[in-house]
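Derivation of every value follows stated rules applied to the coordinates shown; laboratory data play no part. Because the structure is a prediction, the values reported are computed rather than measured. For neighbour counting, all protein chains shown are included, and Cβ atoms are generated from backbone atoms with ideal geometry for every residue, glycine included.
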Amino acid sequence: PYHKIKIAWEINHLLHAVGCNPQTNQGEFFLPPNEITPDMRILMDQYKKNPPVFAQKWLEHEICDPLLIDKIGSIHLADNKLKMVRYFKNGLLQGEYYEKISSLATWEEKENYGVDIVLREYDNHLVFGTGILTSEFFHSLLEKIKA
């Protein structure tokens, strides 16, 4: 029954999708091109010059979707640092990180290397307001959800 289903958002996981291109110093989606929707492109074009604001607008876009906002049951508040490296593409390590993991001899070494990147760069769950998101942003977001 749809009227009983609630959504639990995990902000840290939504932030996995965005980062900053170190060559251009602009925000972008760290996703394969076929996963970037027209709405996401518009959002990126509008806010890419300010990567932290781009990240915040991405969260707002997802969490405050008019079709879903009244279905929110919980939000796990967590912050993250702005990613400057696109480590993964389609779930696989890229570039020098792929070369490094491929050169490791044992499964345990490979697992430790991959898990270290994930915990250090993706799932570090910083206290909100200590990464790219501000306390003011979280307050504003919660007010929009309550409305």
Choice from Gln94, Gln26, Gln56 showing the highest fluctuation, given a GNM over the chain with Cα pairs closer than 10 Å: Gln94
Cβ-based net charge around His16, under 15 Å, with every Lys or Arg adding one and every Asp or Glu removing one: -2
Fully extended contour minus Cα-Cα distance, from Glu35 to Val85, at 0.36 nm per residue: 16.2 nm
Loop chymotrypsin sites (Phe, Trp or Tyr not before Pro), the stretch 39-118, which have at most 12 other Cβ atoms in a 10 Å radius of their Cβ (DSSP): none
Among Ile101, Phe128, Gly114 - extreme Cα towards positive end, dipole of the stretch 68-147, charges at beta-carbon: Phe128
Contour excess over end-to-end distance, with Cα ends at Thr24 and Val118 and 0.36 nm allotted per residue: 31.4 nm
Magnitude of the charge dipole, the stretch 23-146, Cβ model with Lys/Arg +1 and Asp/Glu -1, debye to 20: 300
Anisotropy class of the chain from Cα gyration tensor, a/c 1.5 cut: prolate
Ellipticity estimate at 222 nm from DSSP helix runs (n ≥ 4, -39,500 (n - 2.57)) divided over the chain, nearest 500: -12000 deg cm²/dmol
Lysine pair count for the chain [Cα-Cα under 12 Å; pairs on different chains or 8 or more apart]: 5
Label-to-label distance, nm, for residues given as His13 and Asp45 (7 Å Cα→Cβ offset): 3.1
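Note the full-extension length gain between Leu126 and Leu104 as 0.36 nm times their separation in residues minus their Cα-Cα distance, in nm to one decimal. Before the final figure, lay out each step's value.
Working: separation 22, 0.36 × 22 = 7.92 nm, distance 2.96 nm.
Result: 5.0 nm gained on full extension.
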Rounded tilt (10° steps) of 51-63 against the dominant C-alpha axis of the chain: 60
In the stretch 14-63, the trypsin sites (Lys or Arg not before Pro) that fall in loop regions by DSSP, at most 13 other Cβ within 10 Å: Lys49
Sequence-distant residues sharing a close amide H with Ala78 (under 5 Å, placed H): Ile11, Asn12
Between the stretch 81-98 and the stretch 27-76, the alpha-carbon center distance in angstrom: 20
Charge tally in the Cβ shell below 11 Å around Ile101, where Lys, Arg are +1 and Asp, Glu are -1, Ile101 excluded: -3
14 Å beta-carbon shell around Glu60, net charge (K/R +1, D/E -1): -3
3J(HN,Hα) from dihedral phi, the stretch 15-26, Karplus parametrisation 6.51/-1.76/1.60, rounded to Hz, x for glycine, proline: 6, 4, 7, 10, x, 10, 6, x, 6, 9, 6, 10
